[in-house]
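Bear in mind that the values in this text are calculations on the coordinates, not laboratory data. For clarity, every value in this text was computed on a predicted model and none was experimentally measured. Cβ coordinates were reconstructed from backbone atoms using ideal geometry, including for glycine residues, and neighbour counts include every protein chain displayed.
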Amino acid sequence: MKKLTAKIVMDAMKKLGHKVFSTGDYNLNLIGVRSQDKENNTFNDVMCCLFKDAGQWVLLQFSCTTDPGLFYLKEPLNVSGCAIVKPGQYPGMWKLGLHRNTYRALVQRGKVAVYRDNNGDGVLDFENEETGLFGINLHRATQKGESQRVHKWSAGCQVTASSFDYHILMALCEKSAQEYGDSFTYTLITEADLKDKDLKEKS
């Protein structure tokens, strides 16, 4: 996916009617952008962290997946099918906690809408909606380095590819929580929601 700017992301958020947190420094906006590239099992999406620092907008973007890996698409943990987060804004969806009781992550505390893919063909299907608490967390893939394939890293969670990126993201969440509380809204949009003419190529 092409490099984004704060303006591009904010314009898309406003166009969709989503709230942007703009009061104070390090009041985080966590925004996933689902790629138009339909190849599954890859970290082809982007996790954006949008916030102000010294009153100026900053946008950090990290390679991630907003889709489950191929393993769980074929073998869902839930009898209704594998969870795929539906685009939308989910107020207070996450809080700081432990992913699988092992390391710091953002864990689900508020409801989220998902699609349930239950045909086991390994192709993402965006039908059969369900809303609830499903353990959809924000966490990393590999403990060190960067993962190239999703595989078992996600059964529906939002997962960063790079452990280094993840440490940066979690440090920002910890800093934000000290000022604004332990509640994080998550917004998922699609690459199609962004204006292509405004995108900048990676340098």
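Observations
- Selected from Tyr103, Tyr166, Tyr186 as most flexible by GNM, with the chain as the system and alpha-carbon contacts under 10 Å: Tyr103
- Along the axis of the charge dipole computed for the chain (Cβ charges of +1 for Lys and Arg, -1 for Asp and Glu, origin at the Cα centre), the listed residues Leu172, Thr5, Ala141 are led at the positive end by Leu172.
- Overall Cα dimensions of region 157-197 - principal axes, largest extent first, Å: 37, 24, 22
- With Cα atoms as the point set, the chain shows a radius of gyration and Dmax of 15.9, 49 Å.
- Using alpha-carbon coordinates, inclination of helix 6-16 to the longest axis of the chain, degrees: 60 degrees
- Over region 36-138, the fraction of Cα-Cα pairs per 10 Å bin, rounded to whole percents and listed from the shortest bin up, is 14, 38, 37, 9, 2.
- C-alpha center-to-center spacing [region 1-53, region 110-188] in angstrom: 14 Å
- Longest site-free stretch - the chain; sites: GluC sites (Glu not before Pro), DSSP loop, at most 10 other Cβ within 10 Å: 40-200
- Each Lys or Arg adds one and each Asp or Glu subtracts one; over the other residues with Cβ under 9 Å from the Cβ of Asn128, this totals -4.
- Degrees between helix 163-180 axis and first principal axis of the chain (Cα, 0 to 90, nearest 10): 60 degrees
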